[in-house]
Amino acid sequence: MPPEIFTEPAVFNRIAGRIRVHLADPVLVHEALVKNAHLLSKGDDVRRALGPALGQGLLTADGDHWKWQRQSVAAAFRHDKLQQLLPSMVDAARRTQKRWNTAPGGHIDIAHEMMMTTFDVIVETMMSGGHDVDIHRVEQSITDYLKPTGWTIALAMLGVPEWLPHPGRRKARLAVDYLRSSLVKVIIERRRHPGDRADLVSMLLEAKDPETGRMMTDTEIVDNLLTFITAGHETTALGLVWTFYLLSRHPEIEAKVIAEIDAVTDGQPVTADHVAGLTYTRQVFSEAMRLYPPAPIITRTALQDFRLGEHDIAAGTVLYVPIYAIHRHASLWEEPDRFDPSRFEPEKVKQRHRYAYMPFGAGPRVCIGNAFAMMEAVAILAVLLQGAHVRNKTPATMEPLMRVTLRPEDRLMMQVVPRQNKSPAA
Ligand code: HEM
């Protein structure tokens, strides 16, 4: 990211002969991602980084192929459907809590813990449990696959040929082979016993293009399952990792969150109504995603020439929407680096441009799992903080590392400390 993008509305530069435009002005972001969405495609960087694993699934596809897939799965994310998924989210958080109770000395690697928790949620909610899939190996495979994607993107930006070896490439390929073959087994099993579960797998098996009547091939279903597993678990996990990191550094804010959780749940098992009432907890998670947006950058490629504000954009130009920089932009936020959940009080939100904050993207390609992720994160925080504090074992500041997602640069070890004053039922 060019450093000027933290203060300028837009930055133009040329790398390896290709023009790149970085947009930080919310007005320009709105024009690009919302008004001119039909003139933009996901582009080569995304295809090279994620295509080998996610094929032409919802996140990576363009045009009509994207559109009918989006329509096919939209119903799975309706409000009433999401409410039904809450118990699975709470159960997954409880399994994490149990694990924490037996962690030697209470020491945990918070990133690993949150990845396990959100992975558990996605497999339970989207695939009705994992069937016979080796969940730990799948989780490791995703990590192995995503690790070298920073390289893939850097090389794509420099126009380097795709076949060029780079660190982690072989491991990443093995990881993809394992992931895809595990999911093919799930689909074969489902085709044998159709209709016994109402989840994303069933929806994908039944999806039909309204115009052509075409249904998805096994490869397309695998593309989408992997898309949901990857897009849905790592992002939410990282949002939670940064939330715990920030809470451990701001005990006064942690105390407010815990007080709210106790007042709203009264120590009882967390329900959908509780989650809806946890306003401050939601503000804390939102603010953590402002400072550390799990998906820190969005890219698009112009399909044809068009005008963007005062700028002429030529076909083939790559547009970057640096969410990380927008969320800390000097012209949009006061003291941008300060952790302050009150920024998300409704009155303050109304005073800002809608696209000054966009952890889930914008326009027709906005995250389909947005409401799912918010509900899941608040539920997990509520369950885990009902019983314990999470203290940072590494006092130094943790810098974020930008891959496809925004990870802590190092292992973040934390200590679970059982709460002395917890509500009786917790
Ligand atoms: C805190 C958690 C999450 C964050 C920060 C996040 C962020 C994003 C962003 C920024 C995009 C837009 C990418 C672009 O425009 O190029 C996106 C798309 C997407 N997300 Fe999420 N996401 C999260 C959770 C989830 C969950 C839980 C699911 C599924 C259960 C999910 C599934 C998807 C899918 C399928 C897309 C592609 C949508 C399309 O192109 O039509 N995400 N996400």
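The values are calculated or read from the model by the stated rules, or taken from the named source; none is laboratory data. The structure presented is a predicted model; accordingly, all values stated were derived computationally and were not measured. We place every Cβ from the backbone using ideal geometry, glycine too, and count neighbours over all the protein chains shown.
Table: residues versus (1) out of contact with any Ser or Thr (no Cβ under 6 Å at 6 or more places or on another chain); (2) hydroxyl-bearing (Ser, Thr, Tyr); (3) surrounded by 21 or more Cβ atoms within 10 Å (Cβ to Cβ).
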{"site": "Ser88", "(1), (2), (3)": "no, yes, no"}
{"site": "Lys98", "(1), (2), (3)": "yes, no, no"}
{"site": "Ile108", "(1), (2), (3)": "yes, no, yes"}
{"site": "His112", "(1), (2), (3)": "yes, no, no"}
{"site": "Phe119", "(1), (2), (3)": "yes, no, yes"}
{"site": "Ile122", "(1), (2), (3)": "yes, no, yes"}
Hey, which of the helices (runs of 4 or more DSSP H) in region 1-103, taking only ones fully inside, have at least 2 residues that are touching a Leu at 6+ places or on another chain (Cβ under 8 Å) and at pLDDT below 90? 43-54, 63-73
Of all residues being charged (D, E, K, R) and closer than 21 Å to Ala377 by Cα in region 194-247, which is nearest to the ligand (Cβ to nearest atom)? Just the residue, please. Glu234
Options Ala76, Ala24, Ala61, Ala53; residue that is surrounded by 19 or more Cβ atoms within 10 Å (Cβ to Cβ), away from the ligand (no atom under 13 Å from the Cβ) and within 22 Å of Ala231 (Cα to Cα): Ala53
Run down Ala371, Ala362 and say which single residue is surrounded by fewer than 19 Cβ atoms within 10 Å (Cβ to Cβ), aliphatic (A, V, I, L, M) and within 10 Å of the ligand (Cβ to nearest atom). Ala371
I need the full set of residues from region 222-262 which are modelled with pLDDT of 90 or more, touching a helix residue (DSSP H, G or I) at 6+ places or on another chain (Cβ under 9 Å) and of a type in the set (A, V, I, L, M), in order please. Ala237, Leu238, Leu240, Val241, Leu246, Leu247, Ile253, Val257, Ile258, Ala259, Ile261
Need a quick list: strands (runs of 3 or more DSSP E) entirely within region 273-353 having at least 1 residues that are more than 14 Å from the ligand (Cβ to nearest atom). 298-302, 306-308, 311-313
Any hit, region 122-132, residues being farther than 28 Å from Ala272 by Cβ and either within 16 Å of the ligand (Cβ to nearest atom) or touching a helix residue (DSSP H, G or I) at 6+ places or on another chain (Cβ under 8 Å) (or both): yes
What are the pairs, 6+ residues apart or on separate chains, where a residue within region 294-323 that is farther than 30 Å from Leu240 by Cβ and in contact (Cβ under 8 Å) with a residue 12 or more places away in the chain has its Cβ under 7 Å from a residue that is part of a strand (DSSP E or B) and of a type in the set (S, T, N, Q)? Thr301/Ser41; Leu303/Ser41; Gly316/Thr301; Val318/Thr299; Val318/Thr301
Can you find even one residue in region 391-400 that is within 16 Å of the ligand (Cβ to nearest atom), in contact (Cβ under 8 Å) with a residue 24 or more places away in the chain, under 27 Å from Val417 (Cβ atoms) and buried (at least 16 other Cβ atoms within 10 Å of the Cβ)? yes
Identity of the residue in region 289-331, in contact with a Gly (Cβ under 6 Å, 6 or more places away or on another chain) and farther than 17 Å from Glu31 by Cβ, that ends up modelled with the highest pLDDT: Met289
Being away from the ligand (no atom under 13 Å from the Cβ) and either in contact (Cβ under 8 Å) with a residue 60 or more places away in the chain or more than 16 Å from Ala373 (Cα to Cα) (or both): is that true of Arg48 here? yes
Region 401-414 - residue that is surrounded by 18 or more Cβ atoms within 10 Å (Cβ to Cβ) and outside any loop (DSSP other than H, G, I, E, B) and, of those, nearest to the chain's Cα centre (by Cα): Leu406
Determine which single condition Arg137 fails, assuming it passes every other condition in (1) exposed (fewer than 15 other Cβ atoms within 10 Å of the Cβ); (2) within 25 Å of Ala388 (Cβ to Cβ); (3) at pLDDT below 85. (2)
